[in-house]
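J.: Sharing a structure below in structure tokens format, with a few things to ask.
Where a number appears in this text, it was derived from the coordinates with a stated rule and is not lab data. None of the values given here were measured: they were computed from a predicted structure. Virtual Cβ from ideal backbone geometry, glycine too; neighbours counted across all protein chains shown.
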Amino acid sequence: MKSKKNLTRFTYETTAFQGWRLCLSRSGTTFTKYFSDKEYGGERKALKAAETARVDLAELLDNSRRVNGKLSQTTQNKAKKLLKNA
């Protein structure tokens, strides 16, 4: 499968990790989470979980308020919690 916007596929044969990486940046803050094929039960299930998390995270970040052009600490904490629970 090909990589998609904000999602990158990792399938290196020389490493133990195979899965998807979600990386989304807004207002100078970057959020990253890895979705392992092994943890989610396969490549397609990991991709679906990563896409769902990407949509939820983008919605949260795009609709949040900014403080001096940066994301508020509350928004950053909500985003981290969202990714942790994904």
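J.: So which aspartates and glutamates can Lys84 reach, going by Cα to Cα under 16 Å and dropping same-chain residues fewer than 8 places off?
T.: The reachable aspartates and glutamates, counting only those whose Cα sits under 16 Å from Lys84, are Glu39, Glu51, Asp56.
J.: DSSP loop trypsin sites (Lys or Arg not before Pro) in the chain with at most 11 other Cβ atoms within 10 Å of their Cβ, which ones?
T.: Hits after loop and neighbour filter: Lys2, Lys5, Arg65.
J.: Under the Karplus relation 6.51 cos²θ - 1.76 cosθ + 1.60, θ = phi - 60°, what is the ordered set of whole-Hz ³J(HN,Hα) values for region 7-22, x standing for Gly and Pro?
T.: Each residue of region 7-22 in turn: 10, 10, 8, 10, 9, 5, 6, 8, 10, 7, 8, 9, x, 10, 10, 9 Hz.
J.: Taking the Cα of Cys23, stepping 7 Å toward and past its beta carbon, and measuring to each backbone N in region 41-57: which are under 16 Å?
T.: Flagged as within label range: 54.
J.: Charges only on Cβ, +1 for Lys and Arg, -1 for Asp and Glu: so what's the dipole of region 2-69 about the Cα centre, in debye to the nearest 20?
T.: The calculated dipole for region 2-69 is roughly 180 debye.
J.: I'd like the FRET efficiency for Lys38 and Asn6, computed as 1/(1 + (r/R0)^6) with the beta carbon distance as r and R0 of 30 Å, rounded to 0.05.
T.: 0.85
J.: How many nm is it between the label spots at Asn63 and Ala86, if each spot is 7 Å from the Cα in line with the beta carbon?
T.: Result: 1.7 nm between the two label points.
J.: Could you work out how far helix 73-85 tilts from the main Cα principal axis of the chain, as a 0 to 90 degree angle to the nearest 10?
T.: The helix 73-85 is inclined about 20 degrees to the chain.
J.: Using just the helices of the chain, give the 222 nm mean residue ellipticity in deg cm²/dmol: DSSP H runs with n ≥ 4 each add -39,500 (n - 2.57), and the total is spread over all residues, rounded to 500.
T.: Taking each H run of at least 4 residues, the total per residue is -13500 deg cm²/dmol.
J.: Viscosity 1.002 mPa s, temperature 20 °C: what is the translational diffusion coefficient of the chain from Stokes-Einstein with a Kirkwood Rh over Cα pairs, rounded to a whole number of µm²/s?
T.: For the chosen part, D equals 159 µm²/s.
J.: Once phi is turned into ³J(HN,Hα) by the Karplus curve 6.51 cos²θ - 1.76 cosθ + 1.60 with θ = phi - 60°, what whole-Hz value does each residue of region 57-65 show in order, with x for glycine and proline?
T.: Rounded to whole hertz, the list is 5, 4, 4, 4, 6, 6, 9, 8, 8.
J.: Something else: For region 7-86, calculate the relative contact order in percent as a whole number, restricting contacts to Cα pairs under 8 Å that are 6 or more residues apart.
T.: Once divided by the residue count of region 7-86, the mean separation gives 24 percent.
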